[in-house]
Amino acid sequence: MEALAISLVNAVPLLAGVPLWTVTLLLMVAVAAVILVFALTFEGVGSLVLRKVAGDIQARIGPNRVGPNGMLQFLADGVKLVLKEDIIPANADRLLFKLAPYFVFVGSFAAFVVVPFGVGLIAADLNIGIYYVMAVTSLVVIGVLLAGWASNNKWALLGGMRAAAQIVSYEIPVGMALIPAVLIAGSLSLQDIVRSQGGLLGIFGWNLFHNPFTFFSFFLYFTAAQAETNQTPFDLPEAESELVSGYNVEYSGIRFGLFFLAEFGDMFIVAALATACFLGGWNVPFFHVGTLPWIWGNLLSLGVFLTKAFAMVLIMMWVRWTLPRLRVDQLMRMSWKYLVPLTFVNLLGVSLWLLVFRGKGIPGMIASLFG
Amino acid sequence: MLVEYATVLVFIVLGAVTVALMLGLQRWFAPSAPSAVKLSTYECGEVPYGSSWVQFNIRFYVVALIFIIFDVEVALLYPWAVVFQRLGFLAFIEAFIFIVILLAGLAYLWKEGDLEWVRTLQDTPAKKGAK
C-alpha cells in the first residue's frame, strides 16, 4: 500500500505537498470502502440468491414480488429492517446486548483484509494470512455468546451456548485441514499459497489434485467449514423448530439484520479460503496472468477468483437445502470422533508425501515423465 | 511491514463505523413505542418464568476445555508447516511424536466418555468402577 502511495504522489503533481502517511491512510480507507461495498452487496444479493435457490430446490418460486422476478427483494428487506422498531428487552444486559452485533460484523468484515481477489488485488498481503483469518473469524463466537447471554432469554442462552460449542469444535478440523496448503506453499500468506498453485499444469496445478491426501483434505475442510458458518446440516444454533431462532431471538430491526449480514460474510470468507487454498485462487489455467498488462491481468484474475468463490457459495447453499439437520450429539460426534482424528491422520499423510516425493504432486510427476 | 497492519486497523474501524451508522439510521427512521409487554422476554407467549441466567449443561465446559488443548496445538502446527519443506525428515518425526501424543489424549477422552454428548450416571467412570 505504501509503494502504491509513493507512486501516486509521484504521478499526481497536486499531491506533492501532502505528507506520505496521509496519502497512504486515504488509500487504505478507499480500499476498505470498496471492499465494504463489495461485502455488503454480496451479503444482500446472497440473501436473495439463497432464497431463490431454496425455492428452486423445494419446487416453489421464492421471492418474486419486488422488482423483476424478485430481484430487488434484498433492498426492500434492508429498508424494512432499518424502519423496524429497535426493541431491547427490559431484563437484558443492555451494554453486552448492544456490543454483540459489533463483534459479529467486525469479525466477519475484518477477514476480508487478506482475501486474494487477484494478482495485485489484496487489501494487505499479511505474511500471517491464514492465521489472521482464523483469529479474526473467532471474534464471531464471542459476539454470538454475548448475544445469547445478554438477551436474558432461555432460547437465546441455549442457542448461544450451542453455537459456541459447535463453532469451537469445528474450528479444529478447519484449522487442520488448511495446513496442507501451507505445507505445500511453505508460507502463511494467501498470495504465496495461490502463487504456489500456478504454473502451466492448468487445473492440475491446484492443491486439490496435488496428491490423494490434499484431495481428501478439501472435503474435510468443506464439511467442517459448513458447520463453522452454521449452515443447515449443522444449523443447530438456530434450529427454528426447537430453539425458535437461537441466539438472536430477542434482536429486532437492523441489529438482527447485522447478524445475517455477518453470516453471509462468513460464507464468502469460507468460499474464498477454499478457493485460495485448494482451487487455485485467481490462477488462470495454462496462462501466466503476470505477463498481461496490469489492468487486464487483474481483471481476468478477479473474474476467475470470483467465479470460483461464487460457485463454492452456490454449492454450500445446495448442501444447505438438501440435507436434514443433525442432532446435537451427532454433531459433536461428527467433529470429535470423525473429523478431528481424520484431519490429523490426513496431515501426517500429506507431510509424508511431501517428504517422500520431495514436494512433488502427482500431476507434476506425470508431467516430468513426459518431459 | 507495520503499514500492512494499519490496513487491518482501518478495516476494523470502518466495520465498527458501518454498524454504528446503520444503528443511527434506525434510530432516525424507526418508530419507538415501548410498552411493558413489548419489552418482556419472549417465552412462547407465556409470562417469562424467572431469570434466564440459569445453570446450563456442564458438557459445554468440557467441550471448551478440550477445544483449548487442541486449538493451542493447531496454532503450534502452523509455524511448523511453514518451515516443514526446509527441515525435512527431522520435522516430520517431531510432528509425528507430537501428534501421536495428542491422539493418545483424544483416545483417552474417548474411552472416558468425555466425547459423548448424552451421558447418564451409569456412564461415568466412578459408577463403572463401583460395579
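Computed from the coordinates by the stated procedures, all read-outs in this text should not be read as laboratory data. No experiment lies behind these values; they were computed from the predicted model shown. Reconstructed Cβ throughout: ideal geometry from the backbone, glycine too, with neighbour counts over all protein chains shown.
Given charges of +1 on the Cβ of Lys and Arg and -1 on the Cβ of Asp and Glu, with all other atoms neutral, how large is the dipole of segment A:46-127 about its Cα centre, in debye to the nearest 20? Let's see the in-between values first.
Numbers: 8 positive and 6 negative charges, 65 e Å.
The calculated dipole for segment A:46-127 is roughly 320 debye.
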### Query
Ordered by residue, what ³J(HN,Hα) values in Hz, to whole numbers, does segment A:247-261 give under the Karplus form 6.51 cos²θ - 1.76 cosθ + 1.60, where θ = phi - 60° and Gly and Pro are x?
5, 9, 4, 7, 7, 9, x, 6, 4, 5, x, 4, 4, 6, 4
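Given the rule -39500 (n - 2.57) for each run of at least 4 DSSP H residues, summed and divided by the residues of chain A, what is its mean residue ellipticity at 222 nm, to the nearest 500 deg cm²/dmol?
Numbers: 15 runs with 242 residues, N = 371.
My calculation for chain A gives -21500 deg cm²/dmol from helical runs alone.
For a protection proxy built on the mean count of beta-carbon atoms within 10 angstrom, sort A:209-219, B:51-61 highest first, please. Mind dumping the intermediate values first?
Details: A:209-219: 20.5, B:51-61: 12.5.
With the highest mean Cβ count within 10 Å placed first, the list reads A:209-219, B:51-61.
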### Query
Is there a simple number for the mean count of other chain Cβ atoms within 10 Å of the Cβ of residues in B:81-88, and what is it?
6
### Query
Suppose R0 equals 35 Å; then what is the FRET efficiency for B:Leu9 and A:Val66 from their Cβ-Cβ distance, rounded to the nearest 0.05?
0.40
### Query
Can you pull out the chymotrypsin sites (Phe, Trp or Tyr not before Pro) in segment A:256-360 that DSSP calls coil and that have at most 11 other Cβ atoms within 10 Å?
A:Phe286
### Task
Output the peptides A:79-89, A:156-166 sorted from most to least packed, where packing is the average of other Cβ atoms within 10 Å over each peptide's residues.
A:156-166, A:79-89
### Simple Cβ-charge dipole of the protein assembly as shown, Lys/Arg +1 and Asp/Glu -1, about Cα centre, in debye nearest 20
600 debye
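Quantify how strongly other chains surround peptide B:20-30 by giving the mean number of their Cβ atoms within 10 Å of each of its Cβ atoms.
Details: counts 1, 0, 12, 9, 1, 4, 11, 4, 1, 6, 9.
Other-chain Cβ atoms within 10 Å of each residue's Cβ, averaged: 5.
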#### Entry: Peptide A:180-186 - average C-beta neighbours from other chains (10 Å radius)
4
## Note on the structure
With a 31 Å threshold on alpha-carbon distance, the violating pairs from A:Lys80/A:Lys154; A:Lys52/A:Lys360; A:Lys98/A:Lys308; A:Lys360/B:Lys111 are A:Lys52/A:Lys360; A:Lys98/A:Lys308; A:Lys360/B:Lys111
